[in-house]
1. Ranked by accessible surface with a 1.4 Å probe, highest first, in what order do Lys2, Lys47, Lys24 come?
2. Using each residue's phi in the range 9-16, evaluate 6.51 cos²θ - 1.76 cosθ + 1.60 at θ = phi - 60° and report the 3J(HN,Hα) Karplus result to the nearest Hz, with x for Gly and Pro.
3. Give me the log10 of I(q) over I(0) for the range 1-71 at q = 0.14, 0.16 Å⁻¹, as the Debye formula computes it from C-alpha points; what are the numbers?
4. I want the local charge near Leu11. Using Cβ-Cβ distances under 14 Å, sum +1 for each Lys or Arg and -1 for each Asp or Glu among the other residues.
5. Using the Karplus curve 6.51 cos²θ - 1.76 cosθ + 1.60 with θ = phi - 60°, what ³J(HN,Hα) values do you get for each residue of the range 46-51, in whole Hz, with x for Gly and Pro?
Amino acid sequence: MKVVAAYLLALLGGNTTPSAEDLKNILASVGADADDDKIELLLSEVKGKDITELIASGREKLASVPSGGGGVAVAAAAGGGGGAAPAAAAETKKEEKVEEKEESDDDMGFSLFD
């Protein structure tokens, strides 16, 4: 990741074709080690390609990757019928109201105003 970050920093700095030496200098400026193999691999993969197209392609690929517990809740709401979703929403509202009461404690638990 640090090699990719250095490459993107070089591009943002106006260097349209960063070299391995440019990336090493960027990494050295923050005290990071430069791995020649990773730098060469990155440069060979991005050679002649537009960075905005690469980023767009990467976003499309990441969009299809599951990202944790969100899929379970969606599947439960979709499979549970019409009654499950409103009940969950009501539960969430009740929880929010309880939290607000706890936060509105004026003396912050020190019993200063008793």
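1. Lys47, Lys2, Lys24
2. 4, 5, 5, 5, x, x, 7, 6
3. With one equal scatterer per Cα and no solvent, log10 I(q)/I(0) is -0.50, -0.62.
4. Local charge sum for Leu11: -1.
5. 9, 4, x, 10, 7, 5
The values are calculated or read from the model by the stated rules, or taken from the named source; none is laboratory data. Keep in mind the model is a prediction, meaning the values are calculated, not measured. All Cβ positions, even for glycine, are placed from backbone atoms using ideal geometry, and neighbour counts span all protein chains on display. Ligands, DNA and RNA are excluded from the accessible area calculation, which covers all protein heavy atoms including side chains. Shrake-Rupley method; radii C 1.70, N 1.55, O 1.52, S 1.80 Å.
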